[in-house]
2 protein chains.
Amino acid sequence: MLSDLAIAKQCQLQPIETIADQVGLDQAFLEQYGKHKAKVSLDVMETVKDNEEANLILVTSINPTPAGEGKSTVTVGLAQAMKQLGHSVSCCLREPSLGPVMGLKGGATGGGYSQVVPMEDINLHFTGDIHAITAANNALSAFIDNHIFQGNELNIDVRRITWKRVVDLNDRALRQVIVGLGGVKQGMPREDGFNITVASEIMAILCLATDYDDLKKRLNRIIIGYNTSGDPVTVEDLNVGGALTLLLKEAFKPNLVQTLEGVPAFIHGGPFANIAHGCNSVVATKMASKLTDYVVTEAGFGADLGGEKFLNIKARQANLDPKAVVIVATIRALKMHGGVKKDQLNEANVEALLDGLQNLKKHTETIAAFGLPFVIAINKFTADTDEEIQALTTWCQDHGFKVALTDVWAQGGKGGQALAKLVVETIEEEQATFRPLYHLEMTLEEKIEAVAKKVYGATHVDYSTQATEDIARLKEQGYGNLGVCMAKTQYSLSDDPMKLGRPEDFTITIRECRPSIGAGFIVCLTGDVLTMPGLPKEPAALKMDIDDQHQAIGLF
Amino acid sequence: MLSDLAIAKQCQLQPIETIADQVGLDQAFLEQYGKHKAKVSLDVMETVKDNEEANLILVTSINPTPAGEGKSTVTVGLAQAMKQLGHSVSCCLREPSLGPVMGLKGGATGGGYSQVVPMEDINLHFTGDIHAITAANNALSAFIDNHIFQGNELNIDVRRITWKRVVDLNDRALRQVIVGLGGVKQGMPREDGFNITVASEIMAILCLATDYDDLKKRLNRIIIGYNTSGDPVTVEDLNVGGALTLLLKEAFKPNLVQTLEGVPAFIHGGPFANIAHGCNSVVATKMASKLTDYVVTEAGFGADLGGEKFLNIKARQANLDPKAVVIVATIRALKMHGGVKKDQLNEANVEALLDGLQNLKKHTETIAAFGLPFVIAINKFTADTDEEIQALTTWCQDHGFKVALTDVWAQGGKGGQALAKLVVETIEEEQATFRPLYHLEMTLEEKIEAVAKKVYGATHVDYSTQATEDIARLKEQGYGNLGVCMAKTQYSLSDDPMKLGRPEDFTITIRECRPSIGAGFIVCLTGDVLTMPGLPKEPAALKMDIDDQHQAIGLF
C-alpha cells in the first residue's frame, strides 16, 4: 500500500488558478504561494455578497481513540463524492500544527485518496499563518516585559500575567519556565510558560473575527493580566493592537488549495478544540459559503468538544446556519469504546462493538438537541468483518439513524458516494432548526451546566475554589454574558480520559475559568488539560528527510 | 518629505515574472509568493552553469554610528545607477529581522528612492524564511529536551547544553531563563536562554551552504552541547538532521524581488554580523552572479565586522572573487567619529570631520590588505555644507582615494551615477587580487590576532581563562583549522563601543570561543556582545497599524 505522501505525489495537481476558476473566483483576488497554494483577498466578499449562502455541512465524530477515526479524511472524501455527483462543493479545514506533525502525527491533511494537497507544504509551513500568529503572540509578550522593564506605568502585577508565550512545537520543557533572569539589565524575573501556538488566544481570534476591523477590536480586548489593584490590563492599554493587526494582515486571508480530486479546499486557522473552539476560520467558511452550493467543514476532536464549540461558539458568533451533521465513527474505535485494547482491535468482537455504540448514541442525541439532522459515516478499515458491519447497520436501523459505509481512504470520492447521497437527501428532506444549547443571558454556571449535562451527560458540576472565585470576578468585570469554551479531554465524554464509552453518573469538575475576551468566550478548564503537548520517545521527525530530488520524506 | 513607506507605495511594481525575464530566468524556476515576490528553485543553477561569473561588488562602511550611514540605501542606489548606465546588474541583500523592525528600526529595506519593494512584506514575514529557521532551531531544542526526558541515552550533560532557543524578536526577558520546571512530567530543569533568530547557527548555515547536500551535512555537524564525559553531542547523534533539512527546504531557496527602479534583488538570509558572518546567502549570491554582469552586495555593520567576515569567511568558503569594494560614509557619521555629539551634527565642523576620517582611513587600509580596490561613497545628507564636502574631497585626493558623493536617497539611481561610473572604471582598470587575511592552517590564536591587529588595529590580544580553555579544547577536538568569526561591538574598531574614531594602543580581550561547526567557524566573543537585543522605551511597534484599505502604517 502506498504512503499518503506517495499517493499525494502521484497526483497531477491543477494550477491554483484553475481551482479558483471553478468557483468563479477572479484571479485578481488571488495571491499565489507557489503554483498550488494561494491566499484569497477578503475584498472578494464585496463582489459575492448577493450570492446565496451554501448548505453548510459539519463533519464531527465520536470521542477519538488511538484507533483513529479519519474525520479529515471523511471530510475530504465526502466533498470529493459530492463533486463526482455533480454538485458545486468546497471544503473548509484547519491548518496542521507543526508540533503534532513533528511529534506523533506526521501530517494532518486527510489520508489515502482523500487528501488535500500539496500535503508536504500544508503540513510544514504552508503560507506562514501559524508562524505569523507565533510572532504576534510573542511580540505581545515582549511588549509586556518591556513595559515592566521600562518603568511599568500600568502597574502590571508580575505575579498575575496570564498571557503566555508560544511555540508551534510539542515541547514539554517550556510548559513552566522562569524568564527575566540575569539582573537589572535583563528585566524582571517572573514565572511564565509556553503554549503550543494553536492554543493561543490570537489563533482563536483570527478564526472568529469577521473582518479586519473586528480583528483589531478583538486583539485590543485581550486581557494580558492584572495590575496591582487586580484590574485587567489589555492589549489596548499597551497600545500595540495596531502592531499585532499588522503582523496578522496576511495571515487573516483564507488559503485556497485543492483535494486530490480537485475540490477547492479553504484551509485556514487551526485552533485547539479544547482550549479554543477548534474550527476553520469564520472568514474562510463564509467565503466558501458564497462560492459553492455546499460547504463541508470539520471541527476538532469529537462532537462533545469541537462539534459543540462549532455550534455554540462559531456558528452563533458568525450567524452560520448549518444544515446537516456527519458523525464519523469506525468499527475499531467503537470497539475500543466497548472495552477492547488497542492490540486486539483486529479480532472481530460484535459484543464490544455494541457496547461501544453507546458513545456514538450520546453524540447523536447531542446533535439532535441542537436541532440538526445527521448522518452516521462508518469509515471502513480492512479488518472490519461483515458480521460487525451488519451488527452496526442493524443497530442504526433499529434507532432510525441514517448510516453509510465509506471507503474514501482507499477509493477517494467514489468511496463516499453513498454518504454524499444520504447527506444531500437529508438536507433536502429534513428541515434543520439550528439553535445553540444555551442562551448568552444565562449565568456562567448555567451555561457550563448546559454543556456538561446536555452534551457530556454529566449529572453534576463541581467548582474548585479557584473556579468559584474566577466566576465571581468575571461577572463583576462584566464578562458574565460571554459563551463558555470548555477545555476537556478529547478521549472521554467525562473529564477523565480513561472513561471511554458512555460514562454515567459522573461529575464534571471546573478547575479554573480564564477570560478570552478577544475570542469572546470564557475558557473553563476541567481535569488536566494540557496546552503544550510533549514529544513521544520516537518522534515522527526521526523519519523525516529530503530525498535526492529535494522532495519530502516521512510525512504521512 | 514623503516617508519611505509612502514612496514605496507610489511605485508601480512590475510583475515578478518581468523582473525574472530581465535576467533570463525561466518562469519554470519561479514560485510566486504574491505578485511581487518569488522563490527561485536551485535547479536553475544547472542551466546557467556555463555562464560567466559576474563582477562582484561588496558594499561596506565605516563603523556605524547613531547618525546613520545608509549602507543598504547606497547598495540599492548603486545598483539602480548601474542599470541606468546600461549595465546588467542585480543586488543581493539580507532579510530584515522582525525584532529590530518592531523595535528601533521600523524597517530595513533601504530608504527614500533607493529601496527594495514590496517593503512592507519584506520587513514583516516576507516568504517565511526566518520563521522556518526559528522553527528548525526550536525543534532541535525540543528534540534535545525530549531526548533527556525519555531516558538520555546520549548522556547529555544538562549543565553543558550550548544550543539555545530563539525568537525573531527583541526580547531581553528571554536572555536567561530556566526551563523544564513543574516536576517529573515536564522534563528536567535547566538553564537556557533565547537568542534572536538571526543569531542562530542555523541562519549562518543556511547562508553558507552551497546546496541541499551541504545544508544537511552542516546541520548534522552542529554541536548542541556535551555529554557527561565532556565529548561533543551533535545533531547527527540525535538523528534529526533530516527533519531539520526538511523544515528548511523552502527557506533555502533564494527570494527574488525588485528595487524601486526595477533592479532584480535577491534577498536571502540575514545572519547577525557579530555572532555570525552577516552576509546574504551563498546560494543567492552565486545565483545572481550567473544571471547578471554585475552583482552588488552588502555585509552587515562596518568593514571591521561584516566586511571582514564577507572576505575571510563567506568569500573563502564559497570561492567568491570580489572585484571591488565600496566603503560608505556620511559626513555626519564621520563628525561623530571626530567627537561631535548627536544633537550637534547639524552644525558645520570641518575639524571634527577631519578627525573622524581616521576611522575611514583604517577601513581603507583593511580593504587594501585584502588585495581589493575600493571607492569611497559619501552618502549625502541635507545638512552637509559645501565646506565640509570640499574638505572631505581634498582629503581623499591627498590620499589618492576615489570618492563619489551620492544622493541616492533623494534621487534614486540618478544620485548614484557618479559612484557607479567610478566603480565600473575601478573594476576595469584596477586588478583585484583578493586574498583572505589569514590561512586556515594557522593556529586559532594566530587567526584571531590576524583579525585583531590587521583589521581592528589592536596592539595586543588577551585571552580570558575561559577562552584559553576553550581554545585548547577546540584544538584537541580537531577544530583548530576552522576560520574565526569575531563577535565584537559594531560601534568601535576596538571592543569598547565608546571608543569611536580610530582607537590606538588598545587590547582586544577574547572572553569565550564557541564552536559553530555547522557554519564552519569558531565564534570568538569580545566584550559584552548581546545575542538578544532589547526593546526601547517607545518601540517602533507603537506607531504600527493598518489603514482603512488594510495597508501597512508605521514602517519606515
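Name the residue that is farthest from the chain's Cα centre (by Cα), counting only residues in region B:145-157 that are part of a loop (DSSP other than H, G, I, E, B) and more than 7 Å from chain A (Cβ to nearest Cβ). Can you show your working first?
Keep residues of region B:145-157 that are part of a loop (DSSP other than H, G, I, E, B), which gives B:150-155.
Still in the list and also more than 7 Å from chain A (Cβ to nearest Cβ): B:151-155.
On the way: B:151: 40, B:152: 37, B:153: 38, B:154: 35, B:155: 36 Å.
Filtering region B:145-157 for residues that are part of a loop (DSSP other than H, G, I, E, B) and more than 7 Å from chain A (Cβ to nearest Cβ), the one farthest from the chain's Cα centre (by Cα) comes out as B:151.
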Scan of region B:525-547 for residues that are without any contact (Cβ under 8 Å) to a residue 40 or more places away in the chain, within 9 Å of chain A (Cβ to nearest Cβ) and open to solvent by 70 Å² or more (accessible area, probe 1.4 Å), ordered by number: B:537, B:538
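So which residues in region A:58-67 are in a loop (DSSP other than H, G, I, E, B) and touching a helix residue (DSSP H, G or I) at 6+ places or on another chain (Cβ under 7 Å), if there are any at all?
As a first pass, look at region A:58-67 and keep what is in a loop (DSSP other than H, G, I, E, B): A:62-67.
Residues satisfying the conditions are A:62, A:63, A:65, A:66, A:67.
So, in region B:376-414, how many residues would count as being in contact (Cβ under 8 Å) with a residue 24 or more places away in the chain and assigned to a helix (DSSP H, G or I)?
Going through region B:376-414, the residues in contact (Cβ under 8 Å) with a residue 24 or more places away in the chain turn out to be B:376-381, B:383-385, B:387-389, B:391-392, B:395, B:399, B:401-414.
This time we only want the ones that are assigned to a helix (DSSP H, G or I), so: B:387-389, B:391-392, B:395, B:399, B:408-414.
The qualifying residues number 14.
Taking region B:449-497, which residues are outside any loop (DSSP other than H, G, I, E, B), open to solvent by less than 30 Å² (accessible area, probe 1.4 Å) and without any contact (Cβ under 8 Å) to a residue 40 or more places away in the chain? Outline the logic, then answer.
Filtering region B:449-497 down to residues outside any loop (DSSP other than H, G, I, E, B) leaves B:449-456, B:460-463, B:465-476, B:483-487.
Those still in the list that are open to solvent by less than 30 Å² (accessible area, probe 1.4 Å) too: B:450-452, B:455-456, B:461, B:467, B:470-471, B:474, B:483-487.
Scanning region B:449-497 gives a single hit, B:450.
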Pairs with Cβ under 8 Å, 6+ apart, first in region A:417-442 and hydroxyl-bearing (Ser, Thr, Tyr), second in a helix (DSSP H, G or I) and open to solvent by less than 30 Å² (accessible area, probe 1.4 Å): A:438/A:312; A:438/A:447; A:438/A:450; A:438/A:451
Can you name the residue in region A:191-209 that is open to solvent by 10 Å² or more (accessible area, probe 1.4 Å) and in contact with a Lys or Arg (Cβ under 8 Å, 6 or more places away or on another chain) and, of all such residues, is farthest from residue A:315 (Cα to Cα)? A:191
Filter region B:190-220 for residues that are more than 10 Å from every other protein chain (Cβ to nearest Cβ) and of a type in the set (A, V, I, L, M, F, W, C) and give the result. B:196, B:198, B:199, B:202, B:203, B:204, B:205, B:206, B:207, B:208, B:209, B:219
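For every residue, the table says whether it meets (1) within 14 Å of chain A (Cβ to nearest Cβ); (2) open to solvent by less than 10 Å² (accessible area, probe 1.4 Å); (3) on the phi < 0 side of the Ramachandran plot; (4) touching a helix residue (DSSP H, G or I) at 6+ places or on another chain (Cβ under 9 Å).
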site	(1), (2), (3), (4)
B:6	no, no, yes, no
B:12	no, no, yes, no
B:33	yes, no, yes, yes
B:42	yes, no, yes, yes
B:48	no, no, yes, yes
B:56	no, yes, yes, yes
Checklist (1) open to solvent by 10 Å² or more (accessible area, probe 1.4 Å); (2) facing chain B (nearest Cβ under 10 Å); (3) at positive phi applied to residue A:110, failing item: (2)
List, please: which pairs have Cβ atoms under 8 Å, are six or more places apart or on different chains, and start with a residue in region A:249-268 that is within 14 Å of chain B (Cβ to nearest Cβ) and at pLDDT below 95 and end with one that is surrounded by fewer than 24 Cβ atoms within 10 Å (Cβ to Cβ) and in a strand (DSSP E or B)? none
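Before we move on, is residue A:285 within 11 Å of the chain's Cα centre (by Cα), open to solvent by less than 10 Å² (accessible area, probe 1.4 Å) and β-branched (Val, Ile, Thr)?
On the way: within 11 Å of the chain's Cα centre (by Cα): no; open to solvent by less than 10 Å² (accessible area, probe 1.4 Å): yes; β-branched (Val, Ile, Thr): yes.
When the stated conditions are applied, residue A:285 does not pass them.
Among the residues of region A:513-521, are any at negative phi, of a type in the set (A, V, I, L, M) and either in a strand (DSSP E or B) or open to solvent by 40 Å² or more (accessible area, probe 1.4 Å) (or both)? Show your work before the answer.
Kept after step one, since they are at negative phi, are these residues of region A:513-521: A:513-519, A:521.
Adding the requirement that they be of a type in the set (A, V, I, L, M) leaves A:517, A:519.
Now narrow it down to the ones that are either in a strand (DSSP E or B) or open to solvent by 40 Å² or more (accessible area, probe 1.4 Å) (or both): none.
No, the conditions are met nowhere in region A:513-521.
One residue is enough: does region B:350-369 have a residue meeting the conditions assigned to a loop (DSSP other than H, G, I, E, B) and either touching an Asp or Glu at 6+ places or on another chain (Cβ under 7 Å) or of a type outside the set (Asp, Glu) (or both)? Talk me through it step by step, then tell me what you get.
So the first thing to find is which residues in region B:350-369 are assigned to a loop (DSSP other than H, G, I, E, B), and the list is none.
No; the residues of region B:350-369 include none that is assigned to a loop (DSSP other than H, G, I, E, B) and either touching an Asp or Glu at 6+ places or on another chain (Cβ under 7 Å) or of a type outside the set (Asp, Glu) (or both).
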Region B:357-368 - residue that is more than 21 Å from the chain's Cα centre (by Cα) and touching a residue at least 24 places away in the same chain (Cβ under 8 Å) and, of those, least open to solvent (accessible area, probe 1.4 Å): B:357
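Scan region A:222-233 and give yes if some residue there is within 12 Å of chain B (Cβ to nearest Cβ) and under 26 Å from the mean Cα position of the chain (by Cα), otherwise no. Before the answer, list the steps.
Pass one, region A:222-233, residues within 12 Å of chain B (Cβ to nearest Cβ): none.
Scanning region A:222-233 turns up no residue that is within 12 Å of chain B (Cβ to nearest Cβ) and under 26 Å from the mean Cα position of the chain (by Cα).
Quickly run through region A:522-547 and pick out the residues that are in a loop (DSSP other than H, G, I, E, B) and either in contact with a helix residue (DSSP H, G or I) (Cβ under 9 Å, 6 or more places away or on another chain) or among the hydrophobic types (A, V, I, L, M, F, W, C) (or both). It would help to see each step written out before you state the result.
Taking region A:522-547 and keeping what is in a loop (DSSP other than H, G, I, E, B), we get A:527-539, A:544, A:547.
A:529, A:530, A:531, A:532, A:533, A:534, A:535, A:536, A:537, A:539, A:544 - these are the residues of region A:522-547 that are in a loop (DSSP other than H, G, I, E, B) and either in contact with a helix residue (DSSP H, G or I) (Cβ under 9 Å, 6 or more places away or on another chain) or among the hydrophobic types (A, V, I, L, M, F, W, C) (or both).
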Of the listed residues (B:187, B:183), the one being within 14 Å of chain A (Cβ to nearest Cβ) and touching a residue at least 24 places away in the same chain (Cβ under 8 Å) is B:187
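Here's the yes/no breakdown for (1) in a loop (DSSP other than H, G, I, E, B); (2) open to solvent by 10 Å² or more (accessible area, probe 1.4 Å); (3) within 11 Å of chain A (Cβ to nearest Cβ):
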position	(1), (2), (3)
B:78	no, no, no
B:81	no, no, no
B:91	no, no, no
B:101	no, no, yes
B:115	no, no, no
B:122	no, no, no
B:125	yes, yes, yes
Considering residues that are assigned to a loop (DSSP other than H, G, I, E, B) and either open to solvent by less than 30 Å² (accessible area, probe 1.4 Å) or more than 7 Å from every other protein chain (Cβ to nearest Cβ) (or both), the number found within region A:158-179 is 7
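The values are calculated or read from the model by the stated rules, or taken from the named source; none is laboratory data. Since the model is a prediction, treat every value here as computed from it, not as a measurement. Every residue, glycine among them, receives a Cβ derived from its backbone with ideal geometry; neighbour counts consider all protein chains shown. These area figures cover heavy atoms from the full protein model, side chains too; ligands, DNA and RNA do not enter into them. Shrake-Rupley method; radii C 1.70, N 1.55, O 1.52, S 1.80 Å.
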